[in-house]
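**Q** Pasting a structure below so you can have a look.
The values are calculated or read from the model by the stated rules, or taken from the named source; none is laboratory data. Since we're looking at a predicted model, the values are computed, not measured. Cβ placement follows ideal geometry from the backbone for every residue including glycine, while neighbour counts extend to all protein chains displayed. The accessibility values were calculated without ligands, DNA or RNA, using every heavy atom of the protein model including side chains. Shrake-Rupley method; radii C 1.70, N 1.55, O 1.52, S 1.80 Å.
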Amino acid sequence: MTEITLDDVRKLLVDNCMLRVSPAEILPETKLFGPDSLGLDSIDALQLTVGIEKTYGIAIADPATAREAFESVTTLQQWLTRQPGSQTPAA
């Protein structure tokens, strides 16, 4: 298991969800969906899921798992780090 940093997750979000903020502007406790969040929608969730699979080789097949992992920036980082075979992104 390799540590995936909050900066890795912030970059993943900006790159895959076409956010109009810099990674540094995204706080660890920021929610991904719902009120007071980054404002992601179902298309963003799909793009993020594909981005995670391409970047880290981790597939998210279960909607309940996705809801848990996609709670906030920190929960996504923690979930990714816990996955077997997780790898830091290629530079």
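**Q** Roughly how big is the chain's charge dipole about its Cα centre, with Cβ charges of +1 (Lys, Arg) and -1 (Asp, Glu), in debye to the nearest 20?
**A** I would put it at about 120 debye.
**Q** Then there is this: Roll a 1.4 Å probe over the protein heavy atoms and report the accessible area of ASP36 in Å², nearest 10.
**A** Surface open to solvent at ASP36 totals about 150 Å².
**Q** What dipole magnitude, in Debye to the nearest 20, does the range 25-70 give about its Cα centre under +1 on Lys/Arg Cβ and -1 on Asp/Glu Cβ?
**A** So the dipole magnitude of the range 25-70 works out to roughly 120 debye.
**Q** Under 5 Å between amide H atoms, partner at least 5 residues away or on a different chain: which partners does LYS31 have, H built in plane at 1.01 Å?
**A** LEU38
**Q** Would you compute the Debye intensity of the chain from its alpha-carbon atoms alone, equal scatterers and no solvent, and pass along log10 I(q)/I(0) at q = 0.22 Å⁻¹ to two decimals?
**A** For the requested q values the scattering log ratios are -1.13.
**Q** Given a 1.4 Å probe and heavy atoms of the protein chains only, how would you sort LYS54, LYS31, LYS11, largest accessible area at the top?
**A** From most exposed to least exposed: LYS54, LYS11, LYS31.
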